[in-house]
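One structure below.
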Protein chains: 2
Amino acid sequence: MDRRITKKGNDDASGKERPTLKTLAFMTGLGVTTVSRALKDAPEIGAETRRRVQLVAKQIGYRPNRAGVRLRTGKTNVISLVLNTEHELMSFVSDIIYGVTEVIADTPYHLIVTPYSRSQDPLDPVRYLVETGSADGVIISRTQPNDPRARYMLEHGVPFATHGRTDMGLVHPYHDFDNYAFAGEAVRALAAKGRNRLALVTPPVGLTYFRYTVNGFADALSEVGASEVPFNTVSIDHTIEQIRMRTAQLMRRDDRPDGIISSAAAATLAVVAGIEDAGLKLGRDVDVVSKQSSEVLHLFRRELLVVNEDFRLAGSELARAVLGWIAGKEPGSLQSLSKPSEVLPYRG
Amino acid sequence: MDRRITKKGNDDASGKERPTLKTLAFMTGLGVTTVSRALKDAPEIGAETRRRVQLVAKQIGYRPNRAGVRLRTGKTNVISLVLNTEHELMSFVSDIIYGVTEVIADTPYHLIVTPYSRSQDPLDPVRYLVETGSADGVIISRTQPNDPRARYMLEHGVPFATHGRTDMGLVHPYHDFDNYAFAGEAVRALAAKGRNRLALVTPPVGLTYFRYTVNGFADALSEVGASEVPFNTVSIDHTIEQIRMRTAQLMRRDDRPDGIISSAAAATLAVVAGIEDAGLKLGRDVDVVSKQSSEVLHLFRRELLVVNEDFRLAGSELARAVLGWIAGKEPGSLQSLSKPSEVLPYRG
DNA sequence: CCAGTATACTGAAACGTTACAGATTGCCAA
DNA sequence: TTGGCAATCTGTAACGTTTCAGTATACTGG
């Protein structure tokens with residue numbers, strides 16, 4: 001039994017099977033090969049024939065069968081976005097998907113989402129994609145300095161782009177937000193408000209941008225002559241409750257910070273709750289600078305200072321990078337770094 | 001250009017080529033047909049042969065080539081999630097994707113995300129999917145009472161599930177949140193706090209759950225003897241700024257509401273900002289009940305009353321529904337409605 | 001011992017596409 | 001005239017899978 005979804009109620013006049021090259025060949029009186037080549041502007045096809053074929057193809061709405069192409073050429077016309085189901089930020093998932101689809105929209109590419117969970121080796125989904133040849137290009141996030149996934153794909157010649165940089169001496173496309181600059185700007189903004197005992201809610205330990213953030217923080221601290229109040233018990237990967245509780249603990253200590261920098265909006269909500277749990281007031285007892293990817297934090301507490309990170313842009317850049325690599329561009333030329341916005345106070 | 005690693009027949013088992021049925025046939029000394037049938041437990045294959053083939057297949061990690069299957073059978077092993085790039089909630093996108101992938105994880109299905117934008121007819125992406133046979137099943141959101149997409153897929157015999165119900169007298173799988181109950185509970189909770197002039201921030205006009213919400217609101221109003229303060233100038237589709245501004249306008253009027261019900265967390269942030277812009281205080285001058293899909297609102301303002309809607313569950317249910325339909329179950333048996341949680345106050 | 005039949009397996013064809021190796025034509029130089 | 005060559009076009013095979021229509025063997029009942 002053939003399970004294909006063809007129209008059952010074929011009342012729509014003119015028997016409308018999906019047109020194939022054969023259909024086109026029959027209609028134009030040409031051979032299948034000629035039609036195939038005409039559609040892709042091959043030089044050995046006469047100019048008039050080419051135009052004629054393309055016209056007819058457009059008229060009847062010919063669309064190449066993906067399975068046929070894929071079987072024959074190995075080209076899948078698929079980009080896969082690999083996501084961690086526990087730890088990715090909601091805003092990240094949503095925005096990056098839209099960023100990618102925006103770029104992909106007028107190409108033949110489809111976006112497939114390949115998830116993996118905490119329990120799994122992050123290399124698993126990548127290995128699956130490569131082994132089964134399921135995608136022409138891959139986008140990964142939560143990039144590590146020494147990232148086995150990047151190494152693996154490089155070894156197997158699969159085009160990919162990483163959200164975040166690596167540090168393995170290997171060159172590949174990436175898009176990254178300049179978290180070194182972010183942390184630095186944040187420190188300077190707090191220093192400008194007279195804050196000089198600063199704590200940092202870090203990105204997940206182990207990811208590359210953890211390092212950039214920490215380094216930017218440290219360098220700017222000594223630049224402005226402020227000191228760090230260590231806060232290593234949490235990162236933005238922790239739950240809201242954990243961050244809240246530990247922030248409260250921190251803020252009840254005598255040597256509490258008077259400035260906090262947070263690497264993600266969700267964590268910031270918890271941080272502020274923790275500050276208030278400890279009976280302190282934002283803007284008076286402590287200032288907080290936070291990254292955010294959508295304009296929510298100023299609605300939350302207008303005393304917050306924010307820096308915007310555009311995940312939609314990240315998605316677009318990553319998509320462009322993978323497509324570029326697939327198209328044969330130099331991987332080294334497909335790297336981009338986006339600068340943080342100013343540190344923004346509330347503007348009524 | 002042939003992108004494959006080699007093009008020689010792979011009957012020499014030494015190579016690192018991806019194993020195919022031919023490889024398996026060579027290794028077992030059987031015919032390709034027999035191997036194919038053995039792998040799918042066809043009855044006309046001897047028990048021992050079957051076991052042997054399956055063992056070898058497992059050993060060498062055979063995985064059917066998706067393009068081959070798809071070309072031959074038309075089965076894509078793809079579920080497509082159709083999303084609006086402007087109006088979907090961030091939490092919705094993220095959670096529903098994870099819900100779907102959770103269910104799909106141990107099936108051969110892949111999830112592809114098919115976007116469409118404001119400017120496009122929502123039917124476009126669906127038509128594309130159906131015409132090109134790109135998916136075995138489709139999930140759509142932002143469902144309307146009379147939904148052309150549902151009608152179209154029904155006509156074309158394509159399995160799908162909708163997030164939200166329709167009202168066309170046609171039966172199809174869906175998952176919905178009981179917004180009638182939500183609005184009712186919200187009204188009763190506000191009434192219990194002595195609020196009796198209530199406003200509603202509605203879902204987008206035109207979507208089915210707009211009606212359920214409005215009806216639940218209206219019925220409960222007359223049940224508790226409260227009155228409605230019309231607030232038709234915004235819906236949760238409006239921007240944060242618009243909602244904030246119009247809420248402020250509303251709250252500056254003499255006949256302002258003393259209770260507001262909001263259909264989405266993001267809108268609620270704006271509503272609260274608007275309330276405060278008007279110089280009023282949450283919990284004293286006005287109470288707000290809001291739906292949310294993650295625990296953020298109580299961090300935002302502890303005076304808020306919340307009702308939780310689980311989008312991850314929605315994703316799972318929708319995926320289960322489509323897969324069920326594909327597997328031949330009755331569409332009518334694949335409908336589910338999830339009841340709202342209690343109206344929850346802040347619990348320290 | 002034979003036809004009949006159940007059991008276990010098999011080759012060939014087809015899905016739609018592209019690459020390869022021709023095939024046909026017309027034209028020009030020798 | 002002949003051979004060569006450029007310009008166009010074409011048939012066949014192959015990608016990996018499933019289905020159709022078998023084949024070969026062994027076993028059954030009469």
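For region B:16-35, the candidate set comprises residues that are near DNA strand C (Cβ under 10 Å from one of its atoms) and crowded, with 17+ Cβ neighbours inside 10 Å; within that set, the residue that is nearest to the other protein chains (Cβ to nearest Cβ) is B:L21. Could you look through region A:52-79, keep only residues that are facing chain B (nearest Cβ under 9 Å), in contact with an Asp or Glu (Cβ under 9 Å, 6 or more places away or on another chain) and not in a helix (DSSP H, G or I), and pick out the one that is surrounded by the fewest Cβ atoms within 10 Å (Cβ to Cβ)? That would be A:G61.
Considering B:V82, B:V35, the condition of being away from DNA strand D (no atom under 16 Å from the Cβ) and either at pLDDT 95 or above or acidic (D, E) (or both) is satisfied by B:V82 alone. Taken over region A:300-331, the criterion of being surrounded by 21 or more Cβ atoms within 10 Å (Cβ to Cβ), farther than 30 Å from A:I79 by Cβ and touching a Phe, Trp or Tyr at 6+ places or on another chain (Cβ under 8 Å) is satisfied by A:F300, A:L304.
Name the single residue that is farthest from DNA strand D (Cβ to nearest atom) among those in region A:39-51 being crowded, with 17+ Cβ neighbours inside 10 Å and more than 18 Å from A:R66 (Cα to Cα). Checked region A:39-51; the qualifying residue farthest from DNA strand D (Cβ to nearest atom) is A:R50. Screening A:V296, A:V289, A:V322 for residues that are of a type outside the set (G, A, S) and at pLDDT below 95 leaves exactly one candidate, A:V296. Of the helices (runs of 4 or more DSSP H) lying entirely inside region B:98-195, those containing at least 3 residues that are within 14 Å of chain A (Cβ to nearest Cβ) and not charged (D, E, K, R) span B:123-131, B:148-155. The set of residues from region B:218-234 being under 15 Å from B:V201 (Cβ atoms), surrounded by fewer than 16 Cβ atoms within 10 Å (Cβ to Cβ) and over 28 Å from the mean Cα position of the chain (by Cα) comprises just one member, B:P230. The set of residues in region A:80-102 being touching a Leu at 6+ places or on another chain (Cβ under 7 Å) and surrounded by fewer than 23 Cβ atoms within 10 Å (Cβ to Cβ) is empty.
The values are calculated or read from the model by the stated rules, or taken from the named source; none is laboratory data. This one's a predicted model, so the numbers in the text were calculated from it and none came from an experiment. Here Cβ is always computed from backbone atoms with ideal geometry, including for glycine, and neighbour counts include all displayed protein chains.
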